[in-house]
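Below is one structure, written out as structure tokens; the observations come after it.
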Amino acid sequence: MAVLAASGRWHLGGHQVRGAAPAFRREKGRITLMASRWKASRQHKVALVLGFLGTKYCGSQIHYDEEETRNFTIEWHLRKALREVGALQPEISRLEREVEWRHSSRTDSGVHACRLVICARLAVGEPNAEGCYEALLSQLNVAWPEEALPPDIRVLGARKVPKSFDARFSCSWREYGYLLPAKLFQSSAADVAGRIQQLLKPFVGWHCFHNFARIRGRRKGGDLLEQTVAKLEMCSADVVELEGSDCVEISLQGNRFLYNQIRYIAGALAAVAMGELPEKSLTAALRSTARFRFPLAPPGGLALRSAGFTGTRQKPCEVAMDLEQVYSRMLPTTTLALLDAGGSIRAAAFERAVKQEAARSWKAAEAEFRENLRFARLPQEDLDDLCATPRHLQPRAVLARQRRKAKALVWRERAPSPTPEVPEVPEVPAAAPEVEAMPEHLWIVFSEAPELEARWVYGRHQISAWVLRIFRMSRGQISSNGYAVTVPVADCCLLGRTAPRNSKQLPLETLGCKPAFRPPGLDLAPDGQLGGAENQSMVLQFCGLPGVYAPVVVPVPEKPTPVEMQPASGELAIAKLARNQEGAEYLSQLLASSPMAMPLAVTALLPELPYLASHPHGAVVVSDLFTAARLTKDTRRVAMMSQRLQGSLLRLTKDRFGCRVMQAALQEASPEFLQAFASELKGKAVALSQHLHANFVLQKYVELLPASAGAFILQELTPSAGEVAVHVYGCRVLQRLIEHCSNQPQLAVLIGSLLSKVGQIEKLLKDPFGSNVLRAIVAHGTDCQISVIMDAIATNVLKFSKHKHASLVFERCLETSSERPALRAERATLVALLLGDGTSRSPLAQVLLDRFGNYLAQRMIHCCRGPEEERIRQLLSICLPKLQRSPMGRHIMAASAKRFGSLAGA
């Protein structure tokens, strides 16, 4: 107490109190801070790393609907302890919603955990300099007579995390371990581990684990397959010595795990290794839709070991469990580790205790597991036939077909329901004019709905709802030189089926209309012919129709009210077509088949060009206009459209649809347009290079135009080159600049800022986007720039050879340096470091079986020269037994056979 009072700062009850020593009281053997003397502190997002022995608990997640088991869960004890120390308010009941309570995994009854992460917003005050809450750990893990947590539940670490961190949705993989005692099998632990390692190979990758999971509830076949799709990234089996006996530990790492999946997999592996089931049953269970029944292993041998947090593509997350995970997975140095050095030591000690508990649990569960082996069942089909199931009949292919059928069914259900019966039409009086006989085919012209609604209105129902769907529902064909469609009369009955629900429909025969409708936007003379020379010319050039018929309105039931259409010009009609999906598709087809229609379309759309360029449908038409003008070499109209877009270039560059128009406009850009483009975008190159849509415009600008045109982009990106290089979109712009502006002095300055520090180069090597920039520099840069990158790689060739992204840069360096004489010295240094002493401990020997390093080894074999060939052959001969046992090693042997021939001893 004297130490706390002297410091003047108190971390008790989850709250920070400054000043004089507060009043304490003793209750039930515990010392607590009196509620009248503390002030509630601010809430922070905290990640708690838990370890527990789940033998006597009913799982990790609290059971709200089961009163008898709710108080025997890990989560219930943790919430109670956090309320006692003041980190959670007692009145809060819905933690998932109010404090964002999330957990990385859920464990079943009797399952253990070594590192389970739970995050929530807690009132714990400010953390220490390293971001940890040591005071909270000491309170939760206190060893007083009445403990905050039971002795088999320990909080291994408490760390402040970003607000965007979510223990559930940021978790990208989980790793579980299952312990099998060696005495179950009639052989040594090493032989059993090797046997299980071979049996685990079919499980790696994406599979439908419907035979290795217990599906809750009743589901049909399609739902069953869809619920059981998962991916196992890593499977291994190792020997562990515990309590004087050997055990085999099965490690499984995947993106998600189903209910009892690991226990079924462990039971199936044990049954096959013991000889109770054939080995082919594992492969057949994964490749077929047949149902297998495998024994369920006891829960006491299962433990959650760790988890990884890389987030999603939309919300990336740089959080790791501990520093060991950061180094082993080559994560950025800025990654936040949930466990510090002390927490890692505590977690390792608790993991040993978990394994001891798992080994002890088998003493009571071994007899029950042997009894479960009797109930294992295989399907009636032949296992050889099931293993040879074609790919299109395997569960994932079946699931894909079921999804497509379900999607088609949904679209059919969304279609309007069948129409009610057509009311009878009374006889037309004798005085009414005769209705002309319906011809064999009808000509119907497509247009927007408002145009047709303005011409034909019968009661509350518009005929436009019928006409616009004729082409989709019938066997009509669009004419080659117009946008009219010919529809057989026999198919006109389909019009009533496509009308809106709860509307009154009549077949076309009862409407008494003539066999065609006129296009919208055209004036009709009293005789039914086109009025005006301008309209007549537009129809001949645009529609390709010699003439149209005027509609005739006849009396029908419900007292129809014909509405006159307001006259409109032909240019207005084309503009309206460009804003409609069907009309835009027709205009695109017309411009592609008849480029001579381009001048009329440009004249019609030029006033609305800036608006149409950002329209979902109009942008397609404007892009096609630029393409047609380029093909016909009509520079005058290209200049007209480019000049009309000036003033809106920045807006269109950042627009989803406008960026495509800008790329088309840059194909035939005039000097005036380039000057306007540079003036509007000047000062915004950094933001545009990192924009979702604008980066494509900048790439096209650099690709198509002279190198001098991109000088302003180079000048603006140089101060922020390091930030842009590691951006998902900015790296693309830098790559185009390096490829097309190699003779610009400003590019050398930009690359020099990227390669000025070794730490900066190392960051780019490990970054998924920065590594692409370095590869572009190696491919198109100078010898001096490539030498700097190779010197940075030489600082740690083994680490960079095994890295997913750095190994690609390493390969490019080896390939490029073999073709440039000025880089022979740097290349000789890298090769010497890779070969080392020529033994199995050399860096090259260590990367032969690495999932990323093996590609580098193949490139090394392909690019070796002179005395390097003999040293590499000797090293491969030493590692030949190891290569023959591995799938990756076979790729190395194939590359070696292609380059050197067969190895000695192969």
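Coordinate-derived values only; no laboratory data. Just so we're clear, the structure is a prediction, and the values are computed from it rather than from any experiment. So basically every Cβ, Gly included, is an ideal-geometry build from the backbone, and we count neighbours across all protein chains shown.
Summary of values
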| item | result |
| --- | --- |
| Nearest-20 debye value, region 841-906 charge dipole, Cβ charges on Lys, Arg, Asp, Glu | 140 |
| Charge dipole (debye, nearest 20) of region 583-734; +1 at Cβ of Lys and Arg, -1 at Cβ of Asp and Glu | 40 |
| Cα-based shape type of region 805-855, given that a ≥ b ≥ c are square roots of the gyration tensor eigenvalues and the cut on a/c is 1.5 | oblate |
| Under-5 Å amide H pairs with ALA320, H placed in peptide plane, nonlocal only | LEU336, ALA337, LEU338 |
| Amide proton proximity set for THR289, modelled H, under 5 Å, gap of 5+ | none |
| Net lengthening on full extension, SER877/ALA711 (0.36 nm per residue, minus Cα-Cα) | 54.4 nm |
| Packing-based order for 756-763, 839-846, 696-703, using average beta carbon neighbours within 10 Å, highest first | 696-703, 839-846, 756-763 |
| Full-stretch length increase - TYR327, LEU600 - with 0.36 nm per residue and alpha-carbon distance subtracted | 91.8 nm |
| Shape of region 252-391, Cα gyration tensor, a/c cut at 1.5 | oblate |
| FRET efficiency for GLU126 and THR312, using Cβ-Cβ distance with R0 set to 45 Å, rounded to 0.05 | 0.90 |
| For region 781-906, diffusion coefficient by Stokes-Einstein and Kirkwood Rh (Cα), 25 °C, 0.890 mPa s, µm²/s | 170 |
| Förster-model FRET efficiency, 41 Å R0, ARG256 and ALA639, C-beta, rounded to 0.05 | 0.10 |
| Stretchable slack from GLU869 to ARG899, in nm (0.36 nm times residue separation minus alpha-carbon distance) | 9.9 nm |
| Anisotropy class of region 677-819 from Cα gyration tensor, a/c 1.5 cut | prolate |
| Neighbourhood net charge (12 Å Cβ-Cβ; Lys/Arg +1, Asp/Glu -1) for LYS163 | +2 |
| Cα-derived Rg over Rh, computed across region 77-213 with Rh taken as Kirkwood radius | 1.08 |
| Sites GLU582 and ARG168, calculated FRET efficiency, Cβ-Cβ separation with R0 35 Å, nearest 0.05 | 0.20 |
| Separation of the GLN198 and ASP238 label points, Cα + 7 Å toward Cβ, nm | 2.2 |
| Phi-based couplings in Hz for region 810-818 (Karplus 6.51, -1.76, 1.60; Gly and Pro marked x) | 4, 4, 5, 5, 5, 5, 6, 5, 6 |
| Dipole magnitude (debye, nearest 20) for region 616-684, charges at Cβ of Lys, Arg, Asp, Glu | 120 |
| Residues with amide H under 5 Å from that of SER172, placed H, sequence gap 5 or more | GLY308, PHE309, THR310, GLY311 |
| Inter-label distance, nm, simple model (7 Å from Cα along the C-beta direction), ARG97/GLN402 | 3.3 |
